Amino acid sequence: MSTDPILHEGRFLAVKSRNGWEYVTRVNASGVVAVIATTVDEELILVEQYRPPIRGRVLELPAGLAGDLEDARDEPLIEAAKRELLEETGFVAETMESIGSVTSSAGLTDEQTELFLARRATRVGVGGGDESEEITTHLVPVAQLEAWLGDRRRAGLHIDSRVYSALYFAARAE
(Lines give C-alpha, C1' and ligand atoms only; values in the text may rest on other atoms or scores of the structure.)
Protein backbone atom coordinates (compact mmCIF):
# COMPACT_ATOMS: atom_id res chain seq x y z
CA MET A 1 0.00 0.00 0.00
CA SER A 2 1.40 3.37 -1.03
CA THR A 3 2.08 6.00 1.62
CA ASP A 4 2.06 8.77 -0.99
CA PRO A 5 -0.18 11.69 -0.04
CA ILE A 6 -3.75 11.63 -1.37
CA LEU A 7 -4.70 14.82 -3.21
CA HIS A 8 -8.27 13.70 -3.95
CA GLU A 9 -10.23 10.50 -3.41
CA GLY A 10 -13.42 9.41 -5.12
CA ARG A 11 -15.48 6.26 -4.99
CA PHE A 12 -13.18 4.27 -7.29
CA LEU A 13 -9.97 6.29 -7.73
CA ALA A 14 -7.54 8.42 -5.78
CA VAL A 15 -5.17 11.05 -7.09
CA LYS A 16 -1.83 10.84 -5.30
CA SER A 17 1.52 12.59 -5.51
CA ARG A 18 5.03 11.12 -5.55
CA ASN A 19 7.95 13.54 -5.71
CA GLY A 20 5.74 16.11 -7.42
CA TRP A 21 4.30 13.62 -9.93
CA GLU A 22 0.53 13.26 -9.74
CA TYR A 23 -0.92 9.86 -10.54
CA VAL A 24 -4.14 7.89 -10.21
CA THR A 25 -4.62 4.68 -8.23
CA ARG A 26 -7.61 2.40 -7.67
CA VAL A 27 -9.19 2.32 -4.22
CA ASN A 28 -11.76 -0.41 -4.84
CA ALA A 29 -9.76 -3.39 -6.14
CA SER A 30 -6.72 -5.52 -5.44
CA GLY A 31 -5.76 -6.08 -9.08
CA VAL A 32 -6.67 -5.87 -12.75
CA VAL A 33 -6.83 -8.76 -15.22
CA ALA A 34 -7.15 -9.07 -19.00
CA VAL A 35 -7.62 -12.27 -20.97
CA ILE A 36 -6.23 -13.15 -24.40
CA ALA A 37 -8.70 -15.92 -25.19
CA THR A 38 -8.84 -18.06 -28.29
CA THR A 39 -11.64 -20.46 -29.19
CA VAL A 40 -11.39 -24.05 -30.35
CA ASP A 41 -11.92 -22.60 -33.87
CA GLU A 42 -8.82 -20.34 -33.59
CA GLU A 43 -10.78 -17.14 -33.08
CA LEU A 44 -9.76 -14.37 -30.69
CA ILE A 45 -12.51 -13.30 -28.30
CA LEU A 46 -12.82 -9.51 -28.03
CA VAL A 47 -15.37 -7.30 -26.33
CA GLU A 48 -16.76 -3.93 -27.33
CA GLN A 49 -18.26 -1.44 -24.91
CA TYR A 50 -18.87 2.26 -24.45
CA ARG A 51 -16.24 4.04 -22.33
CA PRO A 52 -17.38 7.41 -20.93
CA PRO A 53 -13.89 8.99 -20.53
CA ILE A 54 -13.33 8.90 -24.29
CA ARG A 55 -17.02 9.16 -25.25
CA GLY A 56 -16.87 6.19 -27.55
CA ARG A 57 -17.00 2.46 -28.04
CA VAL A 58 -13.77 0.55 -27.46
CA LEU A 59 -12.60 -2.88 -28.63
CA GLU A 60 -10.88 -4.59 -25.71
CA LEU A 61 -9.75 -7.88 -24.30
CA PRO A 62 -12.19 -9.34 -21.77
CA ALA A 63 -10.96 -7.73 -18.55
CA GLY A 64 -11.90 -6.52 -15.13
CA LEU A 65 -11.03 -6.03 -11.51
CA ALA A 66 -10.04 -8.52 -8.84
CA GLY A 67 -11.06 -7.93 -5.23
CA ASP A 68 -13.78 -5.45 -6.13
CA LEU A 69 -16.64 -7.66 -4.96
CA GLU A 70 -17.68 -7.36 -1.31
CA ASP A 71 -17.63 -11.12 -0.78
CA ALA A 72 -14.35 -11.69 -2.67
CA ARG A 73 -11.80 -9.09 -1.51
CA ASP A 74 -8.98 -11.71 -1.61
CA GLU A 75 -9.96 -13.10 -5.02
CA PRO A 76 -6.94 -14.65 -6.78
CA LEU A 77 -6.15 -12.99 -10.12
CA ILE A 78 -6.67 -16.20 -12.11
CA GLU A 79 -10.15 -16.59 -10.59
CA ALA A 80 -10.97 -12.99 -11.51
CA ALA A 81 -9.77 -13.69 -15.07
CA LYS A 82 -12.00 -16.77 -15.35
CA ARG A 83 -14.96 -14.86 -13.89
CA GLU A 84 -14.52 -11.90 -16.22
CA LEU A 85 -14.17 -14.09 -19.32
CA LEU A 86 -17.41 -15.88 -18.49
CA GLU A 87 -19.28 -12.75 -17.36
CA GLU A 88 -18.33 -10.62 -20.35
CA THR A 89 -18.31 -13.21 -23.15
CA GLY A 90 -20.08 -16.37 -22.00
CA PHE A 91 -16.93 -18.43 -22.66
CA VAL A 92 -14.84 -20.72 -20.46
CA ALA A 93 -11.36 -21.84 -21.44
CA GLU A 94 -9.85 -25.30 -21.25
CA THR A 95 -6.56 -23.80 -20.07
CA MET A 96 -5.61 -20.43 -18.62
CA GLU A 97 -2.15 -19.23 -17.60
CA SER A 98 -0.61 -15.96 -16.51
CA ILE A 99 1.85 -14.53 -19.02
CA GLY A 100 2.89 -11.49 -16.95
CA SER A 101 1.79 -8.00 -16.16
CA VAL A 102 1.74 -4.83 -18.25
CA THR A 103 1.37 -1.19 -17.32
CA SER A 104 -1.91 0.48 -18.19
CA SER A 105 -0.53 4.00 -18.64
CA ALA A 106 2.71 4.45 -16.70
CA GLY A 107 2.58 8.25 -16.80
CA LEU A 108 -0.97 8.37 -15.43
CA THR A 109 -1.50 5.43 -13.09
CA ASP A 110 0.29 2.85 -10.95
CA GLU A 111 -2.08 0.19 -12.30
CA GLN A 112 -0.63 -3.10 -13.52
CA THR A 113 -2.77 -5.48 -15.57
CA GLU A 114 -2.08 -9.20 -15.28
CA LEU A 115 -2.43 -10.81 -18.71
CA PHE A 116 -3.78 -14.34 -18.99
CA LEU A 117 -3.62 -16.58 -22.03
CA ALA A 118 -6.76 -18.73 -22.31
CA ARG A 119 -6.89 -21.53 -24.85
CA ARG A 120 -9.61 -23.67 -26.40
CA ALA A 121 -12.48 -21.57 -25.09
CA THR A 122 -16.06 -22.70 -25.65
CA ARG A 123 -19.32 -20.82 -25.18
CA VAL A 124 -21.37 -21.87 -22.16
CA GLY A 125 -23.42 -18.70 -21.57
CA VAL A 126 -24.62 -15.45 -23.09
CA GLY A 127 -22.02 -13.01 -21.71
CA GLY A 128 -22.74 -9.31 -22.06
CA GLY A 129 -21.31 -8.25 -18.68
CA ASP A 130 -23.00 -7.48 -15.39
CA GLU A 131 -25.96 -5.16 -14.78
CA SER A 132 -23.78 -2.06 -15.17
CA GLU A 133 -22.32 -3.10 -18.54
CA GLU A 134 -23.51 -3.40 -22.11
CA ILE A 135 -20.91 -5.59 -23.82
CA THR A 136 -20.83 -6.97 -27.35
CA THR A 137 -18.65 -10.03 -27.96
CA HIS A 138 -16.69 -10.41 -31.20
CA LEU A 139 -15.10 -13.65 -32.41
CA VAL A 140 -12.36 -12.84 -34.90
CA PRO A 141 -10.32 -15.47 -36.77
CA VAL A 142 -6.74 -15.01 -35.56
CA ALA A 143 -5.45 -15.07 -39.14
CA GLN A 144 -7.70 -12.09 -40.01
CA LEU A 145 -7.25 -10.09 -36.79
CA GLU A 146 -4.92 -7.36 -38.03
CA ALA A 147 -7.10 -6.53 -41.05
CA TRP A 148 -10.28 -6.72 -38.95
CA LEU A 149 -8.85 -4.26 -36.40
CA GLY A 150 -7.87 -1.89 -39.21
CA ASP A 151 -11.43 -1.97 -40.56
CA ARG A 152 -12.87 -1.25 -37.10
CA ARG A 153 -10.42 1.59 -36.49
CA ARG A 154 -11.35 3.18 -39.83
CA ALA A 155 -15.02 2.80 -38.84
CA GLY A 156 -14.37 4.98 -35.79
CA LEU A 157 -13.99 2.44 -33.01
CA HIS A 158 -11.26 2.93 -30.43
CA ILE A 159 -8.90 0.01 -29.80
CA ASP A 160 -7.37 -0.69 -26.40
CA SER A 161 -3.60 -1.09 -26.71
CA ARG A 162 -3.63 -4.51 -25.04
CA VAL A 163 -5.51 -5.89 -28.05
CA TYR A 164 -2.30 -5.51 -30.04
CA SER A 165 -0.56 -7.80 -27.54
CA ALA A 166 -3.16 -10.35 -28.54
CA LEU A 167 -1.88 -10.24 -32.13
CA TYR A 168 1.38 -11.72 -30.89
CA PHE A 169 0.08 -14.18 -28.32
CA ALA A 170 -3.02 -15.44 -30.15
CA ALA A 171 -0.93 -16.39 -33.16
CA ARG A 172 1.08 -18.66 -30.88
CA ALA A 173 -1.90 -20.25 -29.10
CA GLU A 174 -2.34 -23.97 -29.54
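Couple of notes before you dig in:
- Answer from Leu69, Leu65, Leu115 - the residue that is touching a residue at least 40 places away in the same chain (Cβ under 8 Å) and at negative phi: Leu115
Conditions (1) over 20 Å from Thr38 (Cα atoms); (2) surrounded by 16 or more Cβ atoms within 10 Å (Cβ to Cβ), marked per residue:
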residue: Arg73; (1), (2): yes, no
residue: Glu84; (1), (2): no, yes
residue: Leu115; (1), (2): no, yes
residue: Thr122; (1), (2): no, no
residue: Leu157; (1), (2): yes, no
residue: Ala166; (1), (2): no, yes
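- Residue within the range 129-144 that is surrounded by 18 or more Cβ atoms within 10 Å (Cβ to Cβ), touching a residue at least 12 places away in the same chain (Cβ under 8 Å) and polar (S, T, N, Q) present: yes
- Any hit, the range 140-158, residues being touching a strand residue (DSSP E or B) at 6+ places or on another chain (Cβ under 8 Å), outside any loop (DSSP other than H, G, I, E, B) and under 28 Å from Glu75 (Cβ atoms): no
- For Pro52: the one exception among (1) surrounded by fewer than 13 Cβ atoms within 10 Å (Cβ to Cβ); (2) touching a residue at least 60 places away in the same chain (Cβ under 8 Å); (3) within 22 Å of Glu134 (Cβ to Cβ): (2)
- Qualifying residue in the range 8-30 (condition: under 26 Å from Glu146 (Cα atoms), among the acidic types (Asp, Glu) and at pLDDT 95 or above): no
- When residues of the range 145-158 are limited to those that are free of Cβ contacts under 8 Å to residues at least 40 places away in the same chain and among the charged types (D, E, K, R), the one nearest to Gly56 (Cα to Cα): Arg153
- Note on the range 92-111: among residues that are closer than 13 Å to Leu77 by Cβ and at pLDDT 95 or above, the one that is surrounded by the most Cβ atoms within 10 Å (Cβ to Cβ) is Met96.
The values are calculated or read from the model by the stated rules, or taken from the named source; none is laboratory data. This structure is a prediction, so every number in the text was calculated from the model and none was measured. Cβ sites come from the backbone with ideal geometry, for glycine too, and all protein chains shown count toward neighbours.
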